[in-house]
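What follows is a single structure, written as structure tokens, with notes after it.
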Amino acid sequence: MALFAVLATQDPAPGEAKEFRERLGEGFAYTRALVEKGIIRHSWIRVGASGGLNIYDVDSHEELLRVLYDNPVSPHLKFEVIPLAVPGAFDQLSVWNKQAERS
């Protein structure tokens with residue numbers, strides 16, 4: 001399991017806004033299907049901005065790339081990908097102590 005927060009922002013190239021709007025319904029249906037399959041754990045629409053934030057649960061970076069770029073509207077989106085770690089996956093106090101020892 002690998003978790004990623006992905007911030008998707010609308011970014012159609014000049015002259016492609018009409019195509020983006022026409023395919024938007026397909027993009028929402030694709031996202032809904034990923035939520036139903038458990039590939040997207042959480043999905044939010046950004047308030048006051050275009051785009052959304054999704055938390056993906058995938059097996060690899062390659063699977064993440066596949067699901068992002070299989071979206072029918074992906075040619076009109078810009079993605080910011082943030083790898084995540086589950087709280088408790090590492091001992092932060094131990095990390096801080098090691099850093100302090102090196103200082």
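The values are calculated or read from the model by the stated rules, or taken from the named source; none is laboratory data. Bear in mind the structure is a predicted one, so any value in this text is a computation, not a measurement. All Cβ positions, even for glycine, are placed from backbone atoms using ideal geometry, and neighbour counts span all protein chains on display. In case anyone asks, the SASA skips ligands and DNA or RNA and just uses the protein heavy atoms, side chains included. Shrake-Rupley method; radii C 1.70, N 1.55, O 1.52, S 1.80 Å.
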Do you know which of the residues in the stretch 9-40 that are open to solvent by less than 50 Å² (accessible area, probe 1.4 Å) and outside any helix (DSSP H, G or I) is farthest from E63 (Cα to Cα)?
A13
Hey, among G52, G38, G15, G25, which residue is of a type outside the set (K, R) and at pLDDT 95 or above?
G38
Scanning the stretch 77-103 for residues that are more than 15 Å from V6 (Cβ to Cβ) and either surrounded by 15 or more Cβ atoms within 10 Å (Cβ to Cβ) or β-branched (V, I, T) (or both), which turns out modelled with the lowest pLDDT?
V95
Taking the condition within 13 Å of the chain's Cα centre (by Cα), among the hydroxyl-bearing types (S, T, Y) and open to solvent by 50 Å² or more (accessible area, probe 1.4 Å), does S74 pass?
no
The condition of being in a strand (DSSP E or B) and not aromatic (F, W, Y) holds, among P72, P83, only for P83
Selection count where residues are in a strand (DSSP E or B), open to solvent by 70 Å² or more (accessible area, probe 1.4 Å) and not aliphatic (A, V, I, L, M), scope the stretch 41-64:
3
